[in-house]
Amino acid sequence: MIERALGGVRGLLKRYGPSKLKMRLWDQEFAGKHWDFIDNTANDCVYPFLERYTKGGNLLDLGCGPGNTANEISDSAYSAYVGVDISEVGLGKARRRTEKDGRTAKNSFVCSDFLSFRPNQAFDVILFRESMYHVPHAKVKPILSYFSDHLKPGGVFIVRMNISDRKGGQKARLLAVFEIIESDYEVVEKTQFGVAGPTVVVFRPKSSQAAA
């Protein structure tokens with residue numbers, strides 16, 4: 001119970017804490033073995049979606065961690081990738097993996113809290129791969145609204161997130177994120193992988209939003 005309570009506190013701090021504290025917490029976890037289990041996710045369900053919608057264009061990965069997406073997505077699926085993460089330790093792993101895989105000409109990384117990241121270009125796909133967990137509920141709408149302005153015409157958001165509570169139900173806070181997406185955006189496709197598996201949703205601004 002104590003371990004679960006401490007994990008809950010860390011989760012809250014990583015969601016609501018100041019950027020410097022969040023950076024410290026994430027650096028500690030990436031420096032240890034906490035995230036070693038995600039070192040290889042080559043068969044992840046999100047990759048076919050990314051490859052289908054990036055179409056050889058460019059991809060922004062918000063909360064990229066140790067560079068899985070940057071190096072596991074098909075090399076022919078994209079021309080340029082920007083990964084943003086708050087952990088310099090995680091990004092160090094991403095950069096080393098990118099160099100080993102020979103993708104340094106296509107992959108770039110930025111150390112920043114993605115909630116305050118300000119890109120200087122537009123993208124074909126903007127990805128939240130598990131990172132939407134760490135967006136406070138009150139910031140979901142403004143974050144999506146801001147990054148909508150950095151989608152190319154016809155570009156899409158892709159969110160991969162597991163909202164199962166592992167007890168046959170769904171976590172209310174995470175379900176509310178999908179409700180915002182489905183209410184405020186045009187959902188292109190949505191796929192649930194198993195009863196307790198992740199959900200991938202592809203969506204874009206509604207035509208009225210894009211025109212504005």
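Ranking Gly32, Ala138, Asn68 by how far each Cα lies toward the positive end of the dipole of the stretch 1-153 (charges on Cβ) leaves Ala138 at the top. For the stretch 126-212, the set of trypsin sites (Lys or Arg not before Pro) satisfying both a DSSP loop assignment and a count of at most 11 other C-beta atoms within 10 Å is given as Arg166, Lys167.
Give, in nm to one decimal, the length gained when the segment between Cys45 and Leu21 is fully stretched (0.36 nm per residue of separation minus the Cα-Cα distance).
On the way: separation 24, 0.36 × 24 = 8.64 nm, distance 3.15 nm.
Stretched out fully, the Cys45 to Leu21 stretch lengthens by 5.5 nm.
Placing a label point 7 Å from the Cα of Ser207 along the Cα-to-Cβ direction, the residues of the stretch 128-164 whose backbone N falls under 15 Å from that point are 154.
Work out the length of the dipole vector of the chain about its Cα centre, built from +1 on the beta-carbon of each Lys and Arg and -1 on the beta-carbon of each Asp and Glu, and round it to the nearest 20 debye.
Numbers: 30 positive and 24 negative charges, 88 e Å.
The calculation lands at about 420 debye.
Quick check: from the Cα gyration tensor, does the stretch 7-163 come out rounded (a/c under 1.5), prolate or oblate? Can you show the working numbers first?
Numbers: a/c = 1.64, a/b = 1.17, b/c = 1.40.
Oblate.
Of all the options Arg103, Arg52, Arg15, the one that moves most in a Gaussian network model of the chain with Cα springs shorter than 10 angstrom is Arg52. Candidate membrane-span-like segments in the chain, meaning DSSP H helices with Cα atoms spread over at least 15 Å of their own axis and a Kyte-Doolittle mean of 0.5 or above, are 172-184, with no membrane implied.
Only the coordinates and a few stated rules stand behind these numbers; no lab work does. Worth saying up front: this structure is predicted, and the values here are computed from it rather than measured. With ideal geometry, Cβ positions are generated from the backbone for all residues, glycine too; neighbour counts draw on all protein chains shown.
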